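Colleague: Structure incoming, see below.
The values are calculated or read from the model by the stated rules, or taken from the named source; none is laboratory data. Note that the coordinates shown come from a computational prediction; the quantities given were computed from them, not determined experimentally. Cβ placement follows ideal geometry from the backbone for every residue including glycine, while neighbour counts extend to all protein chains displayed. Heavy atoms of the whole protein, side chains included, go into the accessibility calculation; ligands, DNA and RNA do not. Shrake-Rupley method; radii C 1.70, N 1.55, O 1.52, S 1.80 Å.
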Amino acid sequence: MNISIFGLGYVGAVTAGCLAGKGHRIVGVDVSPAKVESLNLGLAPIIEPGLPELLKGARDDGRLRATTRCDEALRDTEVSIVCVGTPSSISGALDLSFVRGVLQEMGDCLRRTPKRHTLVLRSTMLPGSTESLIGELLGDLERSGMLSVYYYPEFLRESTAVADFEHPSLAVVGSRDAARPAEELMKSLFGVDTAVVNWPTAEMIKYACNAFHATKITFANEVGRLGKQLSIDSRIVMDLLCRDTKLNLSPYYMKPGNPFGGSCLPKDVRALTHRARLEGVSLPLMESLLGSNERHLQSLLGLIMESGASEIVILGLSFKSNTDDLRESSMVEVVQTLLGRGYPVRVFDPALNLAALVGSNKRVIDTKMPHIASLLRGDLASALGKGGLVVVAQKCASIEDLKRHLTPAHSVIDVNGWKELQALPVKCQGFCW
Ligand SMILES: NC(=O)c1ccc[n+]([C@@H]2O[C@H](COP(=O)([O-])OP(=O)(O)OC[C@H]3O[C@@H](n4cnc5c(N)ncnc54)[C@H](O)[C@@H]3O)[C@@H](O)[C@H]2O)c1
């Protein structure tokens, strides 16, 4: 294919070299004459292992040239990839002025000399950016069918960028339309199988990944700081932690849903951060966990209140499914708050047998909810009653039973994203998060 690449920095130069290496014909575009000249000489404008060879080979084979002129690049290509910078402004806000500049110029060129064109945005942009920039600057061309627009985030790391480009850790493309053309385009351009989602989801995944990477590094460093103070080799600790691919390095605990609770996580985070404070070691990330969890609980409560429902049904009271452990269960807090605000509440949790509760678990009931017996219903039908807002905190009833007993007078908050719930004929407040 004939491809323009706008922005010849770390991402753009690597993209140019690697796509030329796959046999595409590339026209690089940059506002910097020095970078353009460098590419025209087949020289890498940045230090990146493997890139000089790719660029030189492509230049020598006549598959790579560069220009400062947008119109010249668009004239000779059918696809444009935008890799210009999206730096932080002084306030911390994302600065989209370089992307805006490219799209504006592109729009002017395509209106002056109409031709069918495909635009692939790769610059990292916050959710909603593609929608608003395209609407503002290229909406007429997109609506007329002359321009197709995709958002395809880049996941390469500097210093291993060429290898990362060839074997991306993740490939996700955002498309306004059907999945098939997007998948086929990405395959023919980049040679990879790509998950297709909408624009904002593709924009968000890039930020979620980078925030997760930052969280991992910060977490490991906090373990390291506390370990050093306690004369523990935290590299051994983290190495062992990483050997657990069931709970630690796995999709487990990685789904938005209930706040965490139970007899261990809150208590142990509290104890660890307390000890760190005594040792004079600052652990801002770990210190923030309980506060963030509390915010999450408040968000759930907010959603319940905003629903306008006058009676509430809670499905699942214990801190997770198939246990009767009520200690630090977020749903106990939810029920208590709702009762305090005067809502009638009914609870269904088949794992709970009040008569069998003992020890600290029983104390939770005795101190926090002594009247819980009056809220608990032994069967789903009487818990659901004839209407109300159903907060599905656990899958403690089958979809078939819910289907049988939910009525149009019910609405549902689906805390954990239970897909089948969406298909039921009740008003769903949507996924909670
Ligand atoms: N660097 C990375 O490792 C990396 C990885 C993944 C994603 N990203 C994202 O990719 C984007 C590009 O990052 P980068 O590190 O390559 O940036 P960079 O600053 O190295 O390069 C950006 C280039 O765009 C050029 N440019 C600016 N305005 C232009 C215009 N109107 N027309 C043509 N060129 C123009 C600049 O002159 C510069 O050469 C950013 O959004 C970044 O967040 C970067």
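Colleague: Pop out the carbon and sulfur fraction of the accessible area of the chain as a percent, whole number, probe 1.4 Å. Could you put the intermediate results ahead of the total?
Modeller: Values: 12130 of 21730 Å².
Roughly 56 percent of what the probe reaches on the chain is carbon or sulfur.
Colleague: When you take every Cα atom in the stretch 216-340, what is the radius of gyration, and what is Dmax, the widest Cα pair distance, in Å?
Modeller: Using the Cα atoms of the stretch 216-340, the pair Rg, Dmax is 17.5, 56 Å.
Colleague: Mind checking the full-extension length gain between Cys242 and Val31? Use 0.36 nm per residue of separation minus the Cα-Cα distance, one decimal, nm.
Modeller: Result for the pair: 71.5 nm of gain on full extension.
Colleague: How big is the accessible area of Asp244 in square angstrom, nearest 10, if you roll a 1.4 angstrom probe over the protein chains?
Modeller: So the heavy atoms of Asp244 present about 50 Å² to solvent.
Colleague: Something else now. In the structure displayed, which of Lys228/Lys267; Lys22/Lys206; Lys22/Lys216; Lys206/Lys320; Lys22/Lys255 lie more than 28 Å apart, Cα to Cα?
Modeller: Beyond 28 Å: Lys22/Lys216; Lys206/Lys320; Lys22/Lys255.
Colleague: The stretch 148-243: D in µm²/s via Stokes-Einstein (Kirkwood Rh, Cα pairs, 37 °C, 0.692 mPa s)?
Modeller: 209
Colleague: Provide the convex hull volume over Cα atoms per residue for the stretch 39-110, in Å³. Before the final figure, lay out each step's value.
Modeller: Working: hull volume 8.4 nm³, N = 72.
For the stretch 39-110, the hull spanned by Cα atoms encloses 117 Å³ per residue.
Colleague: Return the sequence-ordered ³J(HN,Hα) values of the stretch 30-37 in whole Hz as given by the Karplus equation 6.51 cos²θ - 1.76 cosθ + 1.60 applied to θ = phi - 60°, using x for Gly and Pro.
Modeller: For the stretch 30-37, the Karplus-derived couplings read 8, 6, 8, x, 5, 5, 5, 4 Hz, x marking Gly and Pro.
Colleague: With springs only between Cα atoms under 10 Å apart, run a GNM on the chain and tell me which of Gly92, Gly21, Gly257 wobbles the most.
Modeller: Among Gly92, Gly21, Gly257, the largest mean-square fluctuation in the Gaussian network model of the chain belongs to Gly92.
Colleague: A further question follows. Can you tell me which of 407-415, 152-160 comes out highest on packing, and rank the rest after it, using the mean Cβ neighbours within 10 Å?
Modeller: Sorting 407-415, 152-160 by mean packing, highest first, produces 407-415, 152-160.
Colleague: Continuing with this model, one more query. How many percent of all Cα-Cα pairs in the stretch 302-355 sit more than 16 Å apart?
Modeller: Details: 587 of 1431 pairs.
Every Cα pair in the stretch 302-355 considered, those over 16 Å come to 41 percent.
Colleague: Calculate the all-directions average of the projected area of the stretch 2-199's alpha-carbon convex hull, and give it in nm².
Modeller: 10.4
Colleague: Counting just the Cα atoms, what span does the chain cover along each of its three principal axes? Round to the nearest Å and put the largest first.
Modeller: Extents along the principal axes, in whole Å: 82, 60, 36.
Colleague: Quick check: the angle from helix 97-112's long axis to the longest principal axis of the chain, C-alpha only, nearest 10 degrees?
Modeller: It works out to around 60 degrees.
Colleague: To continue, here is another question. Please identify which residues in the stretch 262-294 have an amide N closer than 17 Å to a label point set 7 Å out from the Cα of Gln229, following the Cα→Cβ vector.
Modeller: Hits in the stretch 262-294 for Gln229 at 17 Å: 268-290.
Colleague: Related question: If you bin every alpha carbon distance in the stretch 306-415 into 10 Å steps from zero, what whole percent lands in each bin?
Modeller: P(r) over the stretch 306-415, rounded to whole percents: 14, 52, 29, 5, 0.
Colleague: What residue among Cys83, Cys209, Cys242 has the largest mean-square fluctuation in a Gaussian network model of the chain, using Cα springs under 10 Å?
Modeller: With Cα springs under 10 Å in the chain, the top fluctuation among Cys83, Cys209, Cys242 is at Cys242.
Colleague: Each residue of the stretch 243-257 in turn: what ³J(HN,Hα) in whole Hz from Karplus with 6.51, -1.76, 1.60 and θ = phi - 60°, glycine and Pro shown as x?
Modeller: Taking θ as phi minus 60°, the curve returns 6, 7, 9, 8, 9, 8, 9, 6, x, 4, 6, 10, 10, x, x Hz for the stretch 243-257.
Colleague: As a check on your grasp of the helix formula, calculate [θ] at 222 nm for the chain: sum -39500 (n - 2.57) over DSSP H runs of n ≥ 4, divide by the residue count, round to the nearest 500.
Modeller: Calculated mean residue ellipticity at 222 nm is -14000 deg cm²/dmol.
Colleague: In the stretch 110-144, which trypsin sites (Lys or Arg not before Pro) are in a loop and have at most 16 other Cβ atoms within 10 Å, using DSSP for the loop call?
Modeller: Lys115, Arg116
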